[in-house]
1. What number goes with the only condition from (1) under 17 Å from residue 119 (Cα atoms); (2) modelled with pLDDT under 95; (3) open to solvent by 60 Å² or more (accessible area, probe 1.4 Å) that residue 1 does not pass?
2. As an exercise: evaluate residue 131 against (1) acidic (Asp, Glu); (2) at pLDDT 95 or above; (3) in a helix (DSSP H, G or I); (4) open to solvent by 40 Å² or more (accessible area, probe 1.4 Å) and give the number of the one condition it does not meet.
3. Is it the case that some residue within the stretch 61-69 is surrounded by 18 or more Cβ atoms within 10 Å (Cβ to Cβ), farther than 24 Å from residue 122 by Cβ and out of contact with any Lys or Arg (no Cβ under 8 Å at 6 or more places or on another chain)?
4. Give me the residue from the stretch 29-41 that is closer than 11 Å to residue 66 by Cβ and open to solvent by 20 Å² or more (accessible area, probe 1.4 Å) and, out of that set, nearest to the chain's Cα centre (by Cα).
5. Identify, from the list 54, 10, the residue that is surrounded by fewer than 17 Cβ atoms within 10 Å (Cβ to Cβ) and β-branched (Val, Ile, Thr).
6. Please state which of the following conditions residue 80 fails to meet, knowing it meets all the rest: (1) touching a His at 6+ places or on another chain (Cβ under 8 Å); (2) modelled with pLDDT under 95.
7. If I ask for residues that are assigned to a loop (DSSP other than H, G, I, E, B), open to solvent by 60 Å² or more (accessible area, probe 1.4 Å) and not polar (S, T, N, Q), which ones from the stretch 79-107 would you list?
Amino acid sequence: MNEEARALAIEAYNKGQDLYYSERSADEDVEMLSLAFLSRHYWRIAGGNQQFAIADWFVSRVFASMGEANLAVKFAQASLEYPQTNFPHWTKASLHEGAARAYKCAGDSGKSAEHIALANLALESESNSADAQVI
């Protein structure tokens with residue numbers, strides 16, 4: 001694993017998350033999107049399927065928060081396409097939570113509800129209650 005790329009991926013993700021959970025200006029929205037893609041770029045160098053999925057999940061959440069429904073759905077779908085064999089249940093739930101947000105942004109309440117149900121199903125198998133609480 002490329003440790004430098006991994007560190008850059010984490011740093012960009014954390015800064016992007018800080019912006020995501022703050023009140024942002026239009027310029028900060030652009031910065032948050034840039035950080036999400038920067039994190040995604042570095043995870044492509046240093047990560048595996050779980051990091052790739054989380055990176056696409058974060059890009060999707062950013063697009064949804066900006067009202068960009070088509071791109072939110074595109075990246076949410078991409079996040080779910082990686083083999084999830086070794087993913088923790090909370091990660092699977094989180095990916096579905098992101099898809100629910102994307103479909104809600106797109107005005108598809110049926111698909112949103114479907115992914116909420118899938119997230120809850122994944123959480124039922126999560127043995128770590130602290131991880132489940134976060135989702």
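The values are calculated or read from the model by the stated rules, or taken from the named source; none is laboratory data. Just so you know, these numbers come straight off a predicted model, no measurement behind them. Because the Cβ atoms are built from the backbone with ideal geometry, glycine has one as well, and the counts that use them run over all protein chains shown. When the accessible area is computed, the model is the full protein with side chains, heavy atoms only, and any ligands, DNA or RNA have been set aside. Shrake-Rupley method; radii C 1.70, N 1.55, O 1.52, S 1.80 Å.
1. All conditions are met except number (1).
2. Going through the list (1) acidic (Asp, Glu); (2) at pLDDT 95 or above; (3) in a helix (DSSP H, G or I); (4) open to solvent by 40 Å² or more (accessible area, probe 1.4 Å), residue 131 breaks only (2).
3. yes
4. Per the stated criteria, the residue is 33.
5. 10
6. (2)
7. Once the filter is applied, which keeps residues that are assigned to a loop (DSSP other than H, G, I, E, B), open to solvent by 60 Å² or more (accessible area, probe 1.4 Å) and not polar (S, T, N, Q), the stretch 79-107 yields 81, 83, 107.
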